[in-house]
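Below is one structure, written out as C-alpha cells; comments come after it.
The values are calculated or read from the model by the stated rules, or taken from the named source; none is laboratory data. From a predicted model like this one, the values you see are computed outputs, not experimental measurements. Note that each Cβ is placed from the backbone with ideal geometry, even for glycine, and that neighbours are counted across all protein chains shown.
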Amino acid sequence: MPQRYSVCGRCSTTVATADVPAATLWNPSSIKTIYVREVSTFTLGVAWNSELIRTSTRGTPGTTVTPDIDNDRDRLLAPPSGALLDLCSYAVNPTVQGPAMARMTIVGVAGSGYSLSFNPPIAVPAGTGLAIANALAASCGVMDVTFVWEE
C-alpha cells in the first residue's frame with residue numbers, strides 16, 4: 001500500500017500575471033513519480049480565478065515547506081521523493097506546461113475555497129510539479145493551500 005502524505009502552507013501574492021503559480025507541489029526526485037490525490041484552497045475574501053497546471057522547472061520560490069515524517073498520514077516515513085511545497089511570491093517563476101488541467105473561480109466571499117479530488121490520482125513525474133496558479137491577470141491575495149499525495 002502506498003504511503004499518503006499531506007502538506008499545507010499559506011501564501012500571499014500581489015502578482016497580477018496569468019499563469020504564475022501561487023503554490024506548487026514540486027517533485028525533486030530523479031527517479032520517483034508521486035501521485036496527487038487532492039488539492040484544496042481557502043482564501044481570505046479575495047475574488048480569484050485559479051487553475052491547476054503542470055510545471056517543468058521549479059523556479060525560485062518565496063517560501064518552501066519541506067514535508068517530513070509528520071506529514072505521513074500514518075507517521076511512518078518521510079516522503080522518499082523529497083517532495084516540496086513551494087509558495088509565492090517567486091523571485092524566478094516556474095515554467096508552466098499548459099494548457100491548464102482545470103480552472104476554478106472564487107467569488108470573493110470571506111472564507112471561500114475549493115477542493116479537488118482525483119481518482120485515479122494525477123501522476124507528477126520526477127523533476128516536475130503541479131501548481132495552483134493565477135488563471136487571469138489578478139492577485140490571489142492571502143491563500144491557504146493543501147496537497148495530498150501518495151508515493
### Task
Among what's in region 51-83 and is over 12 Å from the mean Cα position of the chain (by Cα) and assigned to a strand (DSSP E or B), pick the residue that is surrounded by the most Cβ atoms within 10 Å (Cβ to Cβ).
Asp72
#### Entry: Residue among Ala131, Ala126 that is crowded, with 23+ Cβ neighbours inside 10 Å and of a type in the set (A, V, I, L, M)
Ala131
### Query
Restricting attention to region 1-17, does a residue exist that is crowded, with 19+ Cβ neighbours inside 10 Å and on the phi > 0 side of the Ramachandran plot?
no
#### Entry: Single unsatisfied condition, Arg10 versus (1) closer than 21 Å to Pro121 by Cα; (2) modelled with pLDDT of 90 or more; (3) outside any loop (DSSP other than H, G, I, E, B); (4) not acidic (Asp, Glu)
(1)
### Task
Only residues that are without any contact (Cβ under 8 Å) to a residue 40 or more places away in the chain and either at positive phi or small (Gly, Ala, Ser) (or both): list them for region 71-128, please.
Arg75, Ala78, Ala91
### Summary
Checked Thr64, Thr24, Thr60, Thr17 against criteria (in contact with a Phe, Trp or Tyr (Cβ under 7 Å, 6 or more places away or on another chain) and not hydrophobic (A, V, I, L, M, F, W, C)); the one match is Thr60
### Task
Give the residue that is farthest from Arg73 (Cα to Cα), with candidates limited to residues of region 97-151 that are among the charged types (D, E, K, R) and modelled with pLDDT under 95.
Arg103
### Task
Collect the residues in region 37-50 that are surrounded by fewer than 21 Cβ atoms within 10 Å (Cβ to Cβ) and not hydroxyl-bearing (Ser, Thr, Tyr), keeping them in residue-number order.
Arg37, Glu38, Phe42, Leu44, Gly45, Val46, Ala47, Asn49
